[in-house]
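K.L.:
Let me begin by handing over the structure; questions about it come next.
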Amino acid sequence: MLLRSRITGTGSYAPEKILTNFDLEKKVDTSDEWITERTGIKERRIAKDAETTSDLCLEASKRALQAADMKPGEVELIIVATMSGDMPMPSTASLLQKKLHAKNAAAFDLNAACSGFLYGLSVADNFIKAGTFRKVLLVGAEIMSKFLDWQDRSTCVLFGDGAGAVILEKARGPRGILSTHLFSDGNLWDFICLPGGGSQAPPSAKTIKDKLHFIKMKGNETFKIAVRTLEKLVIDTLRENNLKPSDVALLIPHQANLRIIKATAERLNMPMNKVAVNLDRYGNTSSASIPIALDEVVRSGRIKRDDYILLEAFGAGLTWASALIRW
Ligand code: ACO
């Protein structure tokens, strides 16, 4: 019997405060019509000033642990996929470990921007298959709102805050993570970036004046590459698993833009009722988007035992990734 990893619990959390497109109309020169037509987003959640990314992780993790019927002390590894952690050092995973009292776990962060959750899923899956760890807590969490230029209408309307978590455990048999596929093209690093605050441009009065601590994105160029890349990615992922698009019960895409999601679904000839969409309510929560969507479909009973689930993401790096799961 093949050794695999299997998701045994999911959880998610989003801050209470809702910011609608109509609220944004009062802040920048935009409209509900433009945002809805170009992105599919209607509203997003925004963290409180005092709320940190590890706080969001904590709530999502508690729910995932409860669903898996696992105590924090049983977790052997915590991975937090994030590009908006509490601080550069220590890792948000370590801060989560403290808040969760998961004292027996190793902990680290992973940054692959919007592809971060699927990168983390691959790392966790391989650690489990190698026998290094048996019980892993993987969280995708972001407070994007604290890294947005609220005067830049081309970015501030797109993103939101939230966290999604999964518990992965060692399993045998046909069900579990079947494959993960990771890619990157660092030549296109400046398509989506947050240029300030690192060793290239350490924080200074000048980096603040030049607005280098905010997310910059070449939206239209990114859009075109995302559509092309994701269409190929989903087809290749199914081919490697000897599956047809019609075998897939549900596509769970990264939630950046409804037009990108629809293009990917069309390439698979997949009706939209087989696609998980929640960006209308959350916007793009980067690494949190897939695990939040996964938690919603699990809790609503939309996926059943033995279903094939296809996950895909595209983001800064540029990075892209996919995973195929038999639930
Ligand atoms: N409200 C009104 N008008 C706007 C807004 C706004 N919020 N933002 C931009 N516009 C204007 C632009 O100024 C431009 O006007 P112009 O034609 O007069 O110059 C016009 O709308 C069209 O702008 P585009 O950028 O060409 O619009 P596009 O249709 O490409 O949509 C968007 C922009 C939504 C950003 C889209 O390109 C997109 O979704 N890109 C991909 C994003 C993505 O997948 N990112 C990866 C994940 S992010 C991560 O990893 C952190």
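The values are calculated or read from the model by the stated rules, or taken from the named source; none is laboratory data. Computed from a predicted model, the values in this text were never measured in an experiment. Positions of Cβ are generated from backbone atoms using ideal geometry, with glycine treated the same way; all protein chains shown enter the neighbour counts. The protein model used for the area step is the full one, side chains on, heavy atoms only, and it has no ligands, DNA or RNA in it. Shrake-Rupley method; radii C 1.70, N 1.55, O 1.52, S 1.80 Å.
K.L.:
Among the candidates 61, 91, single out the residue that is more than 30 Å from residue 173 (Cβ to Cβ), small (Gly, Ala, Ser) and modelled with pLDDT of 95 or more.
P.N.:
Numbers: 61 fails: more than 30 Å from residue 173 (Cβ to Cβ).
Only one candidate qualifies: 91.
K.L.:
Among the residues that make up segment 106-114, is at least one of them surrounded by fewer than 24 Cβ atoms within 10 Å (Cβ to Cβ) and either out of contact with any Ser or Thr (no Cβ under 9 Å at 6 or more places or on another chain) or closer than 19 Å to residue 68 by Cα (or both)?
P.N.:
Taking every residue of segment 106-114 in turn, at least one turns out to be surrounded by fewer than 24 Cβ atoms within 10 Å (Cβ to Cβ) and either out of contact with any Ser or Thr (no Cβ under 9 Å at 6 or more places or on another chain) or closer than 19 Å to residue 68 by Cα (or both).
K.L.:
Taking helices (runs of 4 or more DSSP H) that do not extend beyond segment 248-327, which have at least 2 residues that are surrounded by fewer than 22 Cβ atoms within 10 Å (Cβ to Cβ) and free of Cβ contacts under 8 Å to residues at least 60 places away in the same chain?
P.N.:
Working: elements: 258-267, 279-282, 289-299.
Helices (runs of 4 or more DSSP H) meeting the threshold: 258-267.
Listed here are the residues, each with its yes/no results for (1) more than 22 Å from residue 143 (Cα to Cα); (2) at pLDDT below 95.
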| site | (1), (2) |
| --- | --- |
| 229 | yes, no |
| 256 | no, no |
| 267 | yes, yes |
| 280 | no, no |
| 314 | no, no |
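K.L.:
With 218, 211 as the choices, which residue is among the basic types (Lys, Arg) and either assigned by TED's automatic domain parsing to the domain that holds residue 115 or without any contact (Cβ under 8 Å) to a residue 40 or more places away in the chain (or both)? Before the answer, list the steps.
P.N.:
Working: 211 fails: either assigned by TED's automatic domain parsing to the domain that holds residue 115 or without any contact (Cβ under 8 Å) to a residue 40 or more places away in the chain (or both).
From the options 218, 211, the qualifying one is 218.
K.L.:
Which condition number does residue 22 fail, the rest of (1) open to solvent by 50 Å² or more (accessible area, probe 1.4 Å); (2) within 16 Å of the ligand (Cβ to nearest atom); (3) touching a Lys or Arg at 6+ places or on another chain (Cβ under 9 Å) being met?
P.N.:
With (1) open to solvent by 50 Å² or more (accessible area, probe 1.4 Å); (2) within 16 Å of the ligand (Cβ to nearest atom); (3) touching a Lys or Arg at 6+ places or on another chain (Cβ under 9 Å) applied to residue 22, the lone miss is (3).
K.L.:
Output the residue which, of all residues in segment 51-66 that are in contact with a helix residue (DSSP H, G or I) (Cβ under 8 Å, 6 or more places away or on another chain) and surrounded by fewer than 24 Cβ atoms within 10 Å (Cβ to Cβ), is farthest from residue 17 (Cα to Cα).
P.N.:
65
K.L.:
Right, something else. Please go through (1) more than 16 Å from the ligand (Cβ to nearest atom); (2) open to solvent by 70 Å² or more (accessible area, probe 1.4 Å); (3) of a type in the set (A, V, I, L, M, F, W, C) for residue 189 and return the number of the only condition it doesn't satisfy.
P.N.:
(1)
K.L.:
When you check residue 185 against the structure, is it of a type in the set (D, E, K, R) and out of contact with any Leu (no Cβ under 7 Å at 6 or more places or on another chain), yes or no? Spell out the reasoning first.
P.N.:
Values: of a type in the set (D, E, K, R): yes; out of contact with any Leu (no Cβ under 7 Å at 6 or more places or on another chain): no.
No; evaluated as a whole, the condition is false for this residue.
K.L.:
Separate question: Here are some residues: 19, 2, 24. Which one is at pLDDT below 95 and more than 19 Å from the chain's Cα centre (by Cα)? Steps first, answer last, please.
P.N.:
Numbers: 19 fails: at pLDDT below 95; 24 fails: at pLDDT below 95.
Result: 2 is the single residue among 19, 2, 24 that is at pLDDT below 95 and more than 19 Å from the chain's Cα centre (by Cα).
K.L.:
Another question about this same structure. In this structure, does residue 125 turn out to be in contact with a Pro (Cβ under 8 Å, 6 or more places away or on another chain), buried (at least 17 other Cβ atoms within 10 Å of the Cβ) and closer than 30 Å to residue 296 by Cα?
P.N.:
Judged against the criteria, residue 125 is not a match.
K.L.:
Of the conditions (1) under 18 Å from the mean Cα position of the chain (by Cα); (2) in a helix (DSSP H, G or I), residue 235 clears all except one; give me its number.
P.N.:
Here residue 235 meets the rest and fails (1).
K.L.:
Go through segment 192-227 and report how many residues are of a type in the set (S, T, N, Q), open to solvent by less than 30 Å² (accessible area, probe 1.4 Å) and within 16 Å of the ligand (Cβ to nearest atom). Let's see the steps before the verdict.
P.N.:
Looking only at segment 192-227, we keep the residues that are of a type in the set (S, T, N, Q), and these are 199-200, 204, 207, 220, 222.
Going one step further and asking which of them are open to solvent by less than 30 Å² (accessible area, probe 1.4 Å), we end up with 207, 222.
Going one step further and asking which of them are within 16 Å of the ligand (Cβ to nearest atom), we end up with 222.
Qualifying residue count for the region: 1.
K.L.:
Quick one: residue 230 ticks every box in (1) open to solvent by 60 Å² or more (accessible area, probe 1.4 Å); (2) touching a Ser or Thr at 6+ places or on another chain (Cβ under 6 Å); (3) part of a helix (DSSP H, G or I) except a single one, so which number is it?
P.N.:
(1)
K.L.:
Restricting segment 81-95 to residues that are away from the ligand (no atom under 16 Å from the Cβ) and hydrophobic (A, V, I, L, M, F, W, C), which is most open to solvent (accessible area, probe 1.4 Å)? Walk me through how you get there before you give the answer.
P.N.:
Of segment 81-95, the ones away from the ligand (no atom under 16 Å from the Cβ) are 86-95.
In the following step, the residues that additionally are hydrophobic (A, V, I, L, M, F, W, C) were identified as 87, 89, 93, 95.
Numbers: 87: 92, 89: 159, 93: 0, 95: 36 Å².
Checking each candidate, the answer is 89.
K.L.:
With the structure loaded, tell me whether residue 157 is in the same structural domain as residue 113 (by TED's automatic domain parsing), over 30 Å from residue 37 (Cβ atoms), surrounded by 22 or more Cβ atoms within 10 Å (Cβ to Cβ) and in contact (Cβ under 8 Å) with a residue 60 or more places away in the chain or whether it fails that test. I'd like the intermediate steps shown before the answer.
P.N.:
Working: in the same structural domain as residue 113 (by TED's automatic domain parsing): yes; over 30 Å from residue 37 (Cβ atoms): no; surrounded by 22 or more Cβ atoms within 10 Å (Cβ to Cβ): yes; in contact (Cβ under 8 Å) with a residue 60 or more places away in the chain: yes.
Against the criterion (in the same structural domain as residue 113 (by TED's automatic domain parsing), over 30 Å from residue 37 (Cβ atoms), surrounded by 22 or more Cβ atoms within 10 Å (Cβ to Cβ) and in contact (Cβ under 8 Å) with a residue 60 or more places away in the chain), residue 157 does not qualify.
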